[in-house]
Amino acid sequence: MSTGHITLLTTGGTIAGRGAHAGNASDYVAGSMSATDLLTALGHPDDLPRIETQELLSIDSKDMTPEHWLMIARAVEAARASASCQGVVITHGTDTLEETAWFLHLVCSPGKPVVLTAAMRPATALSADGPMNLYQALCVAALPEARNHGVLVVMNDQILAASEIAKTHTHALDAIAAPRTGTVGNASERTFCRPPAPGSAGCVPLATLQDDATLPEVDILHVAAGSRPALLAEAHERGCAGVVLALPGNGSLPDTWRDAALGAVDNGVRVIRSSRVANGSVSTRTAAILPGSGVLNPLQARIALMLELATGTSGLFARLAAGHG
Ligand code: ASP
């Protein structure tokens, strides 16, 4: 019998949601269940290793902040430093799961598995999806094959790569998906079908961020037809160190935005062209004027830029945008 354990870190979300009516999956309070409640709902499967729990947060993930990401990352690395820890599972809300997962993927060293899981139905709902998702996440985190893949996400019988996911539906059970690349494995059978895209896992070691580090402010501006370019100057006035523009098409900057963008760059703001389109990459055509986010969507580009600015890791953003670590 293995003497190892899995560390379960809880942060809240719908997976820990409590509602008044089991038949209503949308009226509930996220983050209302304890770690013990979540584990009790699994029954006592005999194929799970020992589980140690740590309750980090009890929030709806819409309220997650970069300070929370840093706190979760430190808890992950502290847990994995224990010799008997085989892996870490984090319960999280689906709303901002992709941001926390991408951040952790970049700052947590490859090695012992780190697996995030979540649910779309609250724990008190009929056919709640949380218990199976949590059970499968714990099983995957205990797999030796799950090591060195970077951060993983287990939901809805799927093993997904943190670097490839997005929330793709507001209420369907399969709301977390990897739209461009698909799954990396089957969580029910505990098998992998391909390694995740290589390279970026742990490329910004947590140790490069000071203990009291904060991440610089980087905003995303969603540029719609006729949006005001003055939004960029306002972002600068608010003290943003960087702005990611979620632009139409393949990252096309409207002519009316050109002067404002160049003015912001002159003022020392890093301005990145990204795309508001879900699939495909950003054109390098106007890269000489403003760098593009390449394969990164606006949420990923924002975090990559925050980390480059926070650590002074020259070229980090460009490498991640090119699909490398
Ligand atoms: N609002 C919830 C959250 O992100 C949604 C969920 O977990 O599915 O915490």
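The values are calculated or read from the model by the stated rules, or taken from the named source; none is laboratory data. No experiment lies behind these values; they were computed from the predicted model shown. When we count neighbours, we look across all protein chains shown, and the Cβ atoms used for this are built from the backbone with ideal geometry, even at glycine. When the accessible area is computed, the model is the full protein with side chains, heavy atoms only, and any ligands, DNA or RNA have been set aside. Shrake-Rupley method; radii C 1.70, N 1.55, O 1.52, S 1.80 Å.
Quick notes on this structure:
- Candidate set: the stretch 167-205, residues that are outside any loop (DSSP other than H, G, I, E, B) and open to solvent by less than 20 Å² (accessible area, probe 1.4 Å); chosen: the one nearest to SER26 (Cα to Cα): ILE176
- Near pairs, Cβ below 6 angstrom, 6+ apart or cross-chain, from the stretch 58-72 (farther than 20 Å from MET33 by Cβ) to any residue that is of a type in the set (Phe, Trp, Tyr): TRP69/PHE103
- When the strands (runs of 3 or more DSSP E) confined to the stretch 16-123 are screened for residues that are within 13 Å of the ligand (Cβ to nearest atom) and open to solvent by 40 Å² or more (accessible area, probe 1.4 Å), none reaches at least 2 such residues.
- Failed item in (1) assigned to a helix (DSSP H, G or I); (2) free of Cβ contacts under 8 Å to residues at least 40 places away in the same chain; (3) not small (Gly, Ala, Ser), with LEU296 passing the rest: (1)
- Tallying residues that are near the ligand (Cβ under 10 Å from one of its atoms), of a type outside the set (A, V, I, L, M) and not in a loop (DSSP other than H, G, I, E, B) within the stretch 6-15 yields 3.
Results for (1) at pLDDT below 95; (2) more than 29 Å from HIS21 (Cα to Cα), shown as yes or no for each residue.
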residue: VAL114; (1), (2): no, yes
residue: PRO122; (1), (2): no, no
residue: ARG180; (1), (2): yes, yes
residue: GLN210; (1), (2): yes, yes
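- For the stretch 269-290, the set of residues classified as modelled with pLDDT of 95 or more and open to solvent by 60 Å² or more (accessible area, probe 1.4 Å) consists of ARG270, ARG276, VAL277, listed by residue number.
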